[in-house]
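To keep things clear, I will list the structure first and then write my remarks on it.
The values are calculated or read from the model by the stated rules, or taken from the named source; none is laboratory data. Since this is a predicted model, take the numbers as computed values, not measurements. Here the Cβ positions follow ideal geometry from the backbone for every residue, glycine too, while neighbour counts run over all protein chains shown.
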Amino acid sequence: MAFEESCVGWFRSISIFTFQKGQRGRFYSHGFAREPCFLGVMIPANQKIIPAAESDGPDPVWAKRFVLSLAISAAYLLISHSWSISKTYEIESQQQFHEQENRQALQQKGVTRTSTIGFLLIAAVGGFCAVSQPLGKPRWNHPLTILCLLYLSWCVTSILWSQAPGVSFRKTTILALLFIGVVGMSRKIELDDVPWIAAITTAFLALNGFAAEIALGTFGPWKAGYRFAGTVHPNSQGMHAVLLCLAAFCLILGKSGAPRIRYALLSLGGLVLFLTKSRTSMAALVVAVLVLLLVKTRGQQRVIMVASFVSLVCLVGIGYEFVNVSTLDSTANIAAMGRQEGVGSLTGRVPLWRELLKAAEQRPLAGQGYGSFWTEENIRKYSEKFAWRIPQAHNAYLDIVLGTGLIGLALYLLWAVSSFFVAADRYRRARRAGDLFVLGMIVMSLVHGFAESKFPSGGMGSFFLYFSMVALATRPPSESLQRDCATEASSSSQKALARRTSRLADRR
């Protein structure tokens, strides 16, 4: 009996220690008595075994998720959000659609006092996470880490030949603050926490946007030409909705617990995306979801899925030959999400791209300095030429070439594509939601970049892209699989306990 009591004390001490240290494994914290035992620990036959993670007290994992989500939300509320933006958009969209569409992008590209505080907040939170009991040592020698450092180094070096050194210095400082934040945060969490943090952050900002529009009286989905803005421009809100949908979808496929919350987040993201009528964001989400489903399936399921998709495309193409013009117009209106302005020229982007390609040919390899092309002079030049205010190329790849040249574009794509294949390999072996989220973010950003310049930038979408890719590179797979190993061990322990209890009952 003394031996059994000592085992009980030993096991309890391990359980308490594990819970206090915030580990992800499931250890049993109570339910001990002098009844059928497992590993010397007496457990009543009618006593429910409760994991330590479900016992009294806060869950440190969820606490970290909520704290980081709150910090990121607060930072981007300072950086790019405005409580009255929906009112401004409603007034100006009736007169100068294109000018208002790009004004918010211009504000995001500038640096104000509040945005400076926001970027400093991200870096401060990252620095605090890095020094306050980080989870293991980062893998600085990983190839993905090296590719990331090469891209960052090239961006910083471009200040030397920049046409506007002050602008490049300011932009690279913002980039450095973002990476200080993501590197520090990635040391405090695991990769599977990133989609949860992204979902919580974007859901909070979406709800805040609903509150803003309702308070200002601008919420009106029944109005003609209405687009949900919330506290940012509808295009930015659409991208945030895609982040929410993508994170929730990865959590659903990865079966990361809390099923009702996951489906509720996915529903909220879909609603916000529908109300924003953002065509580029919708297209990026559809492509990302298809790629994720393709990666998730195996063997014959993958072949069937590809064959079904090809067959569907063929059937749609054949069906278009047998429908009338009015039906085609209705279908095109649905595909354009009710927006018909500038569909043929991608809202005036194609003529702009032709002109910017001529500018890129002047310094094709090294570019004109990170973030330095869009000076006030060039903004005025292209805005007057195309009769709408243009603070960016509306194409991520063209903006990268203008800033850091073909070398910078090659380094960025090499880092992104390599991260994609590493994440795909890890997902094939572990089937984790975090790896799936990295895949989705990379695909979504690459597709979104064909019509917008939000990736890479200082916005929230780029932040979570960097966050996921840095966490993929610096977090060892063994640590990211720790929770699965502990869960499997817990399941095996329960099965062994049930068998042992059954045998003892038979003997009695």
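Figures for the structure shown
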item: Subset of the range 244-261 [assigned to a helix (DSSP H, G or I) and in contact (Cβ under 8 Å) with a residue 24 or more places away in the chain]; result: Leu244, Cys245, Leu246, Ala247, Ala248, Phe249, Cys250, Leu251, Leu253, Gly254
item: Qualifying position, being assigned by TED's automatic domain parsing to the domain that holds Ile72 and in contact with an Asp or Glu (Cβ under 8 Å, 6 or more places away or on another chain), among Leu135, Leu149, Leu144, Leu175; result: Leu135
item: Some residue of the range 472-479 being modelled with pLDDT of 90 or more and at negative phi; result: yes
item: Among (1) assigned to a loop (DSSP other than H, G, I, E, B); (2) among the hydrophobic types (A, V, I, L, M, F, W, C); (3) modelled with pLDDT of 95 or more, the one test that Trp388 misses; result: (3)
item: Residue check, Ala332 out of contact with any helix residue (DSSP H, G or I) (no Cβ under 6 Å at 6 or more places or on another chain), within 29 Å of Gly238 (Cα to Cα), modelled with pLDDT of 65 or more and of a type in the set (Gly, Ala, Ser); result: no
item: Test: residue in the range 65-83 that is assigned by TED's automatic domain parsing to the domain that holds Leu175, in contact with a Lys or Arg (Cβ under 9 Å, 6 or more places away or on another chain) and at pLDDT below 90; result: no
item: Residue in the range 209-223 that is more than 16 Å from Gly269 (Cα to Cα), surrounded by 20 or more Cβ atoms within 10 Å (Cβ to Cβ) and within 20 Å of the chain's Cα centre (by Cα) present; result: no
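This table checks each residue for (1) surrounded by fewer than 18 Cβ atoms within 10 Å (Cβ to Cβ); (2) of a type in the set (Lys, Arg); (3) not in a loop (DSSP other than H, G, I, E, B).
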position: Gln368; (1), (2), (3): no, no, no
position: Glu384; (1), (2), (3): yes, no, yes
position: Thr404; (1), (2), (3): no, no, yes
position: Ile442; (1), (2), (3): no, no, yes
position: Ala451; (1), (2), (3): no, no, no
position: Pro456; (1), (2), (3): no, no, no
